[in-house]
Every structure is written in structure tokens, then in C-alpha cells.
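Q: Dropping the structure in here first, questions after.
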Amino acid sequence: MDKDKLEGCRQLASWLSDLYWTAPSRATVAALEPLRAESAKLGIEEAEALGRVAEGMDDAGLKDVAVDHTDLFYGVKPDAPFPYESIYRGEQRLLMQAPAGEVKKVYEAEGYAPDQGDSREPEDHISYELGYLAFLLEAARDAHERGDAVRAGELMDKKDAFVQEHVLRWIPRFCDDVRRRSSTEFLKLTSSLTERTVAAIADL
Amino acid sequence: MAKHINKEIDEDGIQWTQNRCFFCHMNCSLYVGVDTKTGQIVKIEPNEEQGTELCERIGAHGENAIRFHYHPQRINHALKRVGERGEDKWEEIPYEQALDEIAAKLTELKEKYGPETLVVSEGTYRSDHLWARSRFSNLFGNPGNIIDPGSICWCWTYTINLSMCGWPLELAMPVTPEYAKTIVLWGTRRPGEVYGPQSPLSRQFKGLLSRDGWKPRIICVDPVCAGLAPVSEPWLNIYPGTDVYLALTWINLVIQNKWYDEDFLKYWSNAVFLVRKDDNHILRTEDVVEDGNNDDFVAWDAITNGPVFWNSDENRYFNAEVDAALTGDFEVTLKDGTTAACYTAFDALTERMKQYTLDECEKITGLERGKIVEAIRAYACDGPATMVWGVGASDAHGVNSVYGGVARTILRILTGNVDNLGGDYIGEPGPVPVPGKGKEFPVRDSEFEMAEVVTPETRKKLLGNDIFKVMSWEGFEPVDKNYRKMWDIPRPQVHQLLASTPLAYDAILKGDPYKVSAWIAWGSNPLSWAPDTKKLYQALKALDLLVVVDYWKTPTAALADYIMPAADCFERPMATSLEDGNDFTLYGDRAVQPEFDRHMDFDFFRGLGVRLGQEEYWPWETYEETIDERLDRVPDMDYQKAMNQGSIYPCGAVQPDKYRQTLPNGQIRGFATRSRKCELFVSMLEDIGYDPLPYWSPMFESPIDTPEVAKEYPLRLTVGGRWSPMYHSEWRVPGQGTRSMFPWPTFNIHYNDARDLGIRDNEWCWIESPRGRIRQRAKIGWDIKEGCIAVQSHWWYPELPAEEPWSQGIFESNGNLLCPSDFESLDPLGGNWVTRGLLCKVYPCIDPKDRSEKEIPVEEFLKGDTFYHREYEHLGAVEVDKLDDERSYGANTLKAPAEPHTMKPDFKPGVVDRKA
């Protein structure tokens, strides 16, 4: 297990999970800074490009990203790339279909219970799925650090299964749609970063 | 035996909830199945025991409703506007933050302009949380500035009918139609179009007409031969907007032919009360004796040959035995010693109605006199008879609307079709209270509203309070007093008090009579239903604060400062008396908690209220707690029982002729009116400054009343006839299946008119009125009265962009754009605007001279020398063989070439060589 790559992927997945949950704030953008170096180690240049865009972003730019974020992910426009696995995998393009139930079972089996606040967002939201990947990677890292190779291996197997059965079945297409529809460089690059991160996690 | 008990879990792990649909007013009972493993709604079944059949809006297996619930384009999170109104730019914010900001803004605007600066608009009962809105706005200090399509849809009938009969007896669904020998469907279509062919209302009529034995006679009043009009005897294909003239003529005919129920008039109506001939005011005892009363009246007793006083409070004459004269001229000495020449209210009505002759009726309504007489004779003489309420009857007839309602109820009173089996039903919220015994029926909406906190000074500030009094506190208060007297509960503000929508426009744009700066539109897309769409658009853009609570981003929502996500009927429990306008109450439990960030309307108003200092008045945290409180005083009743039962009828089975009952206090019950009688001479109207008897006013636009306008706009226009599966402005969103059934707006036009105008079937046409023009597709037929067109209303296009100039097509095809908001066009009593009975012109969108197809004489085809032949040869795609005389006309003229044809080498299908 390459600990550095694992940690880099974990940090990226966690950051992306936050970003898809709500429009980026200054704090979210600032949190990208240390990831630029981490992702470079992974050979993912998108974080660096994203970081450069973020550096030059003033309040108006941040507001544009918030508007773009809402446009893309909150159903404001009819052809929006809704960030839910059910939309991409279901025939009917409806929310809360079978994939939401499937991932919920997976989360419950591993004890992954993100804080939803007051919102009842379905479990197949990209934020949760990336968050789950970060959760597994963190658990694997911790297991490895305490010398529990068996457990670390199990967790990596679960990661592989989740990536194959869920993540790769929709997130690359979602990222394509975001790139096509987004009106800001920031979110276009974010989608590319997402795709590369997911691929990197799959390769771990 | 119920198929599922509420909240039971079956062997497949599906939890079944007894829920109620809110996609229309039928509120059918459903079983909603939720997979307990995933929390998802997976099935919807009809509650057949309660008579449900699933309609197209739900889907045969609930699939459309499930799509509705999980549709990605639902508003699932609070959105805050970024940029200018009309740019359609948003940022998502947490729901609680949105409430904080809205409350802060409302506080600022209240301090600047006063609490009357807020208007709230809502739809036609799209949620049963109306009382929560009332409570919030009353506590806010608002005078009740609620605007709602109820001004032209049923709600305006409340005050009138409560004044005349003590109950809103105009109903869409008659209570005992199985006994009716004659049913008048006035401006409404059965079965099918209003609530869908599967609805209980539609099936009620199908049942009536298909049962064994005698069947009722149906009389339809409708310019379009729709619904049951084809089997109507007769079909009264009336000019739009002239229905009230018909009603007045009918009154005249009933009286002249003595087709009235004399006993009912003498003993149960105020027809016998005396009216002064000099000023047509009803005589009160306070006019005649010093210790008289404004609420007590005078009749002429044939036994004593003198005046006799009516004790309204005790529902009896002060004298023991009276034979009140129904007709006659009498001299009454007044308290000042003078005498007044009087006649009876019946005589006053007779005199007023004389002018409404058959000759004039034919001219104005376009109906043939034989049909006019046949229909009213059937209603009056072949009873019992019911007159079913419909939006087309007079609701949206502008200047004649309210008197249309008065006229129809006069007909009911004249013929005794009040609270009889087969007639029009008088309901009751519960048993008349017995002294010393508490109320044992569920708490009504009105009891939650807190109308008492609205002070007299505040009430005066209701928009139009002293103008359109039938819909204001002026008309509400007397009716409320009588209602409380009978049942010891208040009348609901809910939709009995409404500000006429056009008044809000000038309040926003000009500050007249004061500045309206804030608008909360919940379950309401006023750009779709309100008149004069363009002016409303300007008004909405001029607001300081616009908040919309809705399922979808409608054209109105697209202009908002905040769009708040609304919980649908599967996500909220229901306990309602349907605008507090019915006697029964309906119950349905929520199947799932609100998904995403959706919230119930109760949560929205409570949330705002708590932030605006109302916390102590919102003791319930959940809606379920409010339902518990409703049921608490009902013996042997609790939440689960109510949900399983689905309904509570507080007085049990339908009882006719309740007015004859003796009350616990020994009085004859009568009606919950001021005089305890049916009032065909409406004393409340007199008291608030209106003529107590109906009359006809010239129409805002008609060939007779505005011939100059008719020169340019020669066709009569009616806007707003309903058709299923659409429901008001809803169901146009793609993905529900409904838009597939009815993808485009259509208008009805007669074959002869279409021919004259060069219009072809299904062609897009402009329909233009002095307010502007829209386009719809022509449906040519013989089913609409010649000289009239029937235009669909409420159309918008969710597939179009929401930003300007698109605005989701709200200006494209919405019939309400053609309708005026001019003050002069509004009903003077209720502020009803006009959509039925205007003028327009129609012409094809594409000038017939510019139509693309060529008209080729058949001889040229026979020669094989036409434009088409030459074009095909030029394309080289197909070798077109020339017709010769030996081939039969219409035979396939294309002969396969000897060799398989090949495209020209440089021909690429679909690619246009722009250099060529």
C-alpha cells in the first residue's frame, strides 16, 4: 500500500465531497492549497490548475461559482447534471431509486453515517459517495498504521467494490456533463479533478 | 374491510400509509407503500373501499405520482436570487437561513410601510395548511391581504350564500343527486374534465346516467358541447358571459308562470317581508317602533290585516299565529308617524325581473326561446332539482359575477330546492351546540386562525375593504355573526376574505391606496392564473420582496427573491374541511418525511412566525400535533383512528330539511342567516350598501355593449374551460405523462368561423384582445357556438428557459393575458375579474399567403411536370416516374429504379453545402 498516494487520494476525495455538498466558500477554496502538492505527487495536474484559478478569484468570482454550482446541482435548469447516482443509472432519471438504497446498505454495513444536518439528502449524492471513499481510505490508512494489514486489505477490497459497482458507473459521465454545462472554469476543473481522483482511487 | 391498516408493514417489508392525494380537489384516499429498507415510495394503490380509482395524474399504478415525488427538477432546496430579477440566477442556501433572511426583510418592510404592505397569494386549495397562513398573517398585523383565484372560483359564493341560506350551498359535487330529477350543469363539465374521468365526481355522474330505472334530466349551460352536453335536454349553448341574463330571465319566467314553491316561500323565506316601494329598502322593526331592531323584519298578516313583526333571534313571529301575505300592496305607519307604501320582497323581485324578457334574453344570450323555457320549466317543475356549481356559471363574468350567484340561489329558493333530497344541500360543521355540552366535532380551520387579533382599524386596511365588500370584512362580519349564533364557531377567513387580485397591481406599482412591497406566493403561480399577465409581471418585478413556495420553478418562482421547497401530499399529513367550506373533514397521514430540504407549508409559516415574535402562538412543533388538537374534543377518536377512517362526518348520514328541526332551545332551526330564513331579498347586501336584488349590467366587452370594440375584435371570447389531465396551471411539466396527453394549448373555433378566417385544423393562430395576443392551436368543430372561441388558460412551457425574455413562455399561450385588470371590468360587489365574455380576433400565425406548400392542380401531376417532380430529380435521390392517364389517380407513383439508386458522390445527407 502506497501510503502517500492513499493519503493524497483521501484528502482529495474529502475536499471534493465538501465542495459538491455546498457552494465553495473562501474556506473551501483555501483548503485546496495543501492539496495542490499532494495531487501533484499523484500526477493529477488539475488541482494545480484549479488552485491557480482560485488564487485569482475575487468575491464576484466566488459568487459566480456559487451560481454555477446551484445551476448545475440543484435542478435550476432542465438539463442540469444532477449529482446523484440514481439519475445516471436509473432508466427513468428519477431521484432516490435503487442505487440510493444500495449505497445506503453499504454505508450502514461499514458504519458510515455522515452528518446530514436538517436535510434529508439521498445517500447516492456524489458528496456522500466521495465522502465514503475518503472514509474507507482513512480507515485503511489507520489500519495500516497500527499494523493490521488484514483489515487494511479488507477495506481496500471494499473500496474496489464500491468504485466498480457504483462510482465508476456514473461519476465519469457526470463529470463530462458538468464540463459541458458549467459556466465557470472553477467547476469545469473541479469536474476534471473529480474524474482524475476517482481514477486514482480506483488504481490504489 | 380496509386493505391496509395505516402504517402496517406487510411481509415484503412495505409500510402502507393511508394518505390523501392533493393533485386536485377530490383528495382521493390512497395507500402509499414505502419500502422500509430504503425509505422509498415504491407503490401507490387506490383505497377502493373509499371509492378511489387512480387517475392519469397519479398513473394507473401510481407511477406518475412517484415520478412527481422523485423528479429531479422539483425544488428541493431553498434558492436565493443572485443578480437581477428575471436573470434566473440562484444560489442554494440552507432553508433556515432563507427563513432568517425573509423574516428580516419582512420586519424592515413592515417598519417602513406597515404590516399591510404584505400580500399573500395562494392557489385554489393546493394545501390544507391555509389556516396556518391566516394565523401567521393575522399575527403579523396584516388586514388579510390574501389574493387568490378564489375571487373567480367558488370562494366568492360563500358570503352570498351564507347570507341567503346560511351555508355555501353551491357545490361542484351535489350531495344527493341520486334523487334529482333535473340537474343543471352550469359552466361545468361532467364527467371528466374538471377532476378527471376517474374521479368520484365523474363516476357519480356516470353512475346516475347508467343506472337502472329512471335517470335525471341533464341540462348543460356551456358554449362548448363538452361533457354531458351531447345528452343534455336541452344543451344551452350560450354566449360566454351572458349566463346571468339567463338566470334573471329564468327568475322572471318562474314567477310569471307561478312555477315557484309557494309554501317554501311563505314559511321559509323572507319573500313575505315588506319592502318600501319608494326606496326598495326592506322594512325593519326599528323603522316602525321605537324599540325595534335592525335585524327584525315586518310582514303583512292576512289574519289581522296588519303588519306583524318577525323575531329573527327566535325564528318566529312575535304574534302566535300568522298568515303572512306573499304578495300585495300595503301601507305601514312608521315610528315617525308617516306612512310608507310597501310591497313584499316577492313583489319587489317580481317587479325587478319583469325587464328580463325572452326577447331580450334571446338577443343577449344567443339562445333560442324554446330552449330557455324548456330548461327552466324542467328545473322548476320537474324536481327535485340541483344546480351544480361551475366556474363558468358567473364566477369570472366581471361586472355580473356576484349577482349571478344571487340569481341562482334565488332560483333555488323560489323552487324550494334547498336542503331537499335531490336539491342543493345545506351542510353543518357539526350538531347545533347544546347548552352545557361541549362541541364534539373536530376543531375547524376557523378556530385556528385567530381572526380576533385583527383589530377593526386594521380590518379597514384590507385592499378593497370598502369597495368589494362581499369579499371583505364588511361582508364577512355579519355572516360570521350569524354563523357563530348557530354553531358557536367562527366563519373561516380562509378564502371568504380575499383582496381582488388587480388591486394588488396598483398597490405595488403606484402605492395606491398604500404601498405593497412584499408578496409571498405559496402553491401559487399568479403569472399563470391572474388577469393581465403583462401588468402583473411589471408589478412582480417592482416588489422589494417576493417569496415563492412551490414544487417547481414556475414563471412566478423564476422572478422570486427566494424559492422555498414545498413538501408534497405524500410528505405531509392532512386534516381538512376543504377550505372550511364543507361539513365533513378528511384525513390522510404522511407516507414519508419531507425529502431533501422540503418543508410543509405549516413549517414555513410557523418558521416565519416564530422569527417575527409569534412564538407563543405556535405551540405545536409538528403538524401531527395540530391534528391531535383537532381531534381531542371528538369522543372516541384519535389520530390513528381518523387516519384509518379517512373522514369524519360530524352529523352522520345526510339529513334533508334540517331547517324544519326543533332545536334544543325549542326554536325551529331555520337557516343560519340573519333572519333565520332563506333570503331572496338579501338584507346583508342592503346593509353594506348594495342593491339587495340582482340586476344585469352591460358587459365590459360585448358586441351589444361595446360595438366599437367589436368592430376590431368581432369574436366572443371565453378563457378558462377546464380539461383533464391538466389541473389549473399544473401538470405541464414534462416527465409526468400528462404533457404527452396534451402537449399544446388549443382553442375551440366553429367550422364556419374558421373557414371565414382561413384557419385550418391544428394550425397555430394568434388570438388577440385589446390586452395583447397569444397563440394556440385551432381545434375546429361544430361543438362550439358560432361567433365564439374558447381559449385554454394557464399555459406556460417548463421546457423553455426561465430567464427573460423566455420566462418559460408565460406570455406565449396563456389565455389570462387576454383578460383585463381594469377597475371598470371588476364586479362591484366582489372584485371578480372577467375571463368569460370578452372580445377578440383570431388569425393564423402564418399568413395564408405565406404558407409554404404549393397548390398544384391535379392536371400538372398527371403530366408529371410539377415543382415536386423537378425537386426530386434535382436531388437525385429517387427517380420519380411520371403518371400517365392509364394509372388510377392516387396509385403509388414511385417506381423503383432498375439499379439500386446511389447518392451523388458528394451528397451527404443532412449536410448543407453552404457554398453551393
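Values quoted throughout were computed directly from the atomic coordinates according to the rules given, and no laboratory measurement underlies them. All values derive from a computational prediction rather than experimental measurement. Every residue, glycine among them, receives a Cβ derived from its backbone with ideal geometry; neighbour counts consider all protein chains shown.
Q: Over the whole of B:87-95, what's the average partner chain Cβ count within 10 Å per residue? Rounded to a whole number, please.
A: 6
Q: Work out, in µm²/s and without decimals, the Stokes-Einstein translational diffusion coefficient of the stretch B:17-128 at 4 °C, 1.567 mPa s, Rh from Kirkwood over C-alpha pairs.
A: Rounded to a whole number, D works out at 74 µm²/s.
Q: Here is a follow-up. With unit charges on the beta carbons (Lys and Arg positive, Asp and Glu negative) and the dipole taken about the Cα centre of chain B, which residue among B:V194, B:V399, B:Y267 sits farthest to the positive side?
A: B:V194
Q: How far, in nm, would the chain grow between B:V289 and B:T107 when pulled straight, counting 0.36 nm per residue and subtracting the alpha carbon separation?
A: Computed gain between B:V289 and B:T107 is 60.2 nm.
Q: Kirkwood hydrodynamic radius for the stretch B:231-327: how many Å is it when counted over pairs of different Cα atoms?
A: This gives a value of 15.8 Å.
Q: For the peptides B:14-23, B:401-410, B:682-691, what is the packing order when you average, over each peptide's residues, the other Cβ atoms within 10 Å and list the highest mean first?
A: B:401-410, B:14-23, B:682-691
Q: Same structure again: If you average over every viewing direction, what projected area does the convex hull of the Cα atoms of the stretch B:601-703 give, in nm²?
A: Mean projected area of the Cα convex hull: 14.2 nm².
Q: Beyond 19 Å, what share of the Cα-Cα pairs of the stretch A:81-204 remains, rounded to the nearest whole percent?
A: Every Cα pair in the stretch A:81-204 considered, those over 19 Å come to 50 percent.
Q: What is the magnitude of the charge dipole of chain A about its Cα centre, with +1 placed on the Cβ of each Lys and Arg, -1 on the Cβ of each Asp and Glu, and no other charges, expressed in debye to the nearest 20?
A: 280 debye
Q: What Rg and what Dmax come out for the stretch B:641-785 when only alpha-carbon atoms are used, in angstroms?
A: 25.0, 71
Q: Beta carbons within 10 angstrom, averaged per residue: use that to sort the peptides B:195-206, B:154-165, highest first.
A: Ranking the peptides B:195-206, B:154-165 by packing returns B:154-165, B:195-206.
Q: A further question follows. What distance in nm separates the simple spin-label points at A:K41 and A:R173, each placed 7 Å from Cα in the Cβ direction?
A: Label at A:K41, label at A:R173, 3.5 nm between them.
Q: Restricting the calculation to Cα positions, tell me the Rg (one decimal) and the Dmax (whole number) of the stretch B:542-654 in Å.
A: Radius of gyration, then largest Cα-Cα span, for the stretch B:542-654: 16.7, 53 Å.
Q: Shifting gears a bit: Across all directions of projection, what mean area in square nanometres is found for the Cα convex hull of the protein assembly as shown?
A: The number I arrive at for the protein assembly as shown is 56.2 nm².
Q: Just to be sure I understand the model, the point goes 7 Å from the Cα along the line to the Cβ. What's the resulting B:Y843 to B:S740 distance in nm?
A: 3.9 nm
Q: For chain B, what is the per residue volume of the convex hull drawn over the alpha-carbon atoms, in cubic angstrom?
A: 221 Å³
Q: Further question: Over chain B, what relative contact order in percent results from Cα pairs under 8 Å that are six or more residues apart?
A: Relative contact order here is 18 percent.
Q: Mean shadow of the stretch B:116-182, computed from the convex hull of its alpha carbons, in nm²?
A: 6.2 nm²
Q: Kirkwood hydrodynamic radius for the stretch B:62-177: how many Å is it when counted over pairs of different Cα atoms?
A: 18.1 Å
Q: Using every alpha carbon pair in the stretch B:763-822, what percent of pairs falls into each 10 Å bin from 0 up to the bin containing the largest distance?
A: Percent of Cα pairs in each bin: 21, 47, 26, 6, 0.
Q: Something else: Rounded to whole Å and sorted largest first, list the principal axis extents of the Cα atoms in the stretch A:1-138.
A: On the principal axes, the stretch A:1-138 reaches 41, 40, 28 Å in Cα extent.
Q: Further question on the same structure: For the stretch B:467-619, would you read off the P(r) tail past 29 Å as a percentage of all alpha carbon pairs?
A: Tail of P(r) above 29 Å: 30 percent of Cα pairs.
Q: Quick one: if the Förster radius is 22 Å, what FRET efficiency do B:E824 and B:E804 give, using the C-beta to C-beta distance and rounding to 0.05?
A: 0.10
Q: Per 5 Å bin, what is the whole-percent P(r) computed from every C-alpha pair distance within the stretch B:14-74?
A: 4, 20, 28, 28, 14, 5, 1
Q: Helix-derived [θ] at 222 nm for chain B: sum -39500 (n - 2.57) over DSSP H runs of at least 4, divide by residue count, nearest 500?
A: Calculated from helices alone, the mean residue ellipticity at 222 nm is -7500 deg cm²/dmol.
Q: Follow-up. Quick check of the Kirkwood formula: for the stretch B:548-608, what is the inverse mean of 1/r over all pairs of different Cα atoms, in Å?
A: For the stretch B:548-608, the Kirkwood estimate is 13.0 Å.
Q: Further, regarding this structure: Hey, what's the per residue convex hull volume over the C-alpha atoms of the stretch B:305-454, in cubic angstrom?
A: Normalising the Cα hull of the stretch B:305-454 by residue number yields 263 Å³.
Q: Too long at a 27 Å Cα-Cα cut-off: which of B:K181/B:K266; A:K63/B:K105; B:K206/B:K354; B:K258/B:K335; B:K277/B:K485; B:K469/B:K785?
A: Over 27 Å Cα-Cα: B:K206/B:K354; B:K258/B:K335; B:K277/B:K485; B:K469/B:K785.
Q: State, to one decimal in nm, how far the label point of B:L509 lies from the label point of B:E53, with both points 7 Å from Cα in the Cβ direction.
A: Label at B:L509, label at B:E53, 4.7 nm between them.
Q: How long are the semi-axes of the equivalent ellipsoid of the stretch B:412-530, defined as square roots of 5 times the Cα gyration tensor eigenvalues? Whole Å, largest first.
A: Each semi-axis is the square root of five times an eigenvalue, giving 33, 19, 15 Å.
Q: What does the average come to when, for each residue of peptide B:33-45, you count the partner chain Cβ atoms lying within 10 Å of its Cβ?
A: Going residue by residue through B:33-45 and averaging, the value is 3.
Q: Divide, for the stretch B:498-585, the radius of gyration over alpha carbons by 2.2 N^0.38 Å, where N is the residue count.
A: 1.25
Q: So for the stretch B:81-127, Kirkwood radius off the Cα pairs, Stokes-Einstein at 25 °C and 0.890 mPa s: how many µm² s⁻¹?
A: 187 µm²/s
Q: Something else now. To the nearest 0.05, what FRET efficiency results for B:T36 and A:Q92 with a Förster distance of 22 Å applied to their C-beta separation?
A: Using R0 = 22 Å, I get an efficiency of 0.50.
Q: Would you grab the residues whose amide H sits under 5 Å from the one on B:L717? Only those 5+ places off in sequence or on another chain, please, with H modelled 1.01 Å from N.
A: For B:L717, whose amide H was placed from the backbone, the distant partners under 5 Å are B:I789, B:G837, B:L838, B:L839, B:C840.
Q: Between the stretch B:140-167 and the stretch B:506-535, how far is it from one alpha carbon centroid to the other, in angstrom?
A: With the stretch B:140-167 and the stretch B:506-535 each reduced to a Cα centre, they are spaced 18 Å.
Q: What does the convex hull of the Cα atoms come to per residue for the stretch B:639-690, in Å³?
A: Taking only Cα atoms, the stretch B:639-690 has a hull volume of 166 Å³ per residue.
Q: Another one. Calculate the radius of gyration of the Cα atoms of the stretch B:706-763 to one decimal place, then report Dmax, the largest Cα-Cα distance, as a whole number, both in Å.
A: Radius of gyration, then largest Cα-Cα span, for the stretch B:706-763: 15.4, 46 Å.
Q: Which residues in the stretch B:670-687 place their backbone N less than 13 Å from a point set 7 Å from the Cα of B:L663 along the Cα-to-Cβ direction?
A: Once the point is set 7 Å along Cα→Cβ of B:L663, B:670-677 turn out to lie under 13 Å by backbone N, inside the stretch B:670-687.
Q: Here's something else I'd like to know. Enumerate the residues in the stretch B:115-144 having an amide nitrogen under 17 Å from the point lying 7 Å beyond the Cα of B:T455 toward its Cβ.
A: Hits in the stretch B:115-144 for B:T455 at 17 Å: B:115-117, B:138-144.
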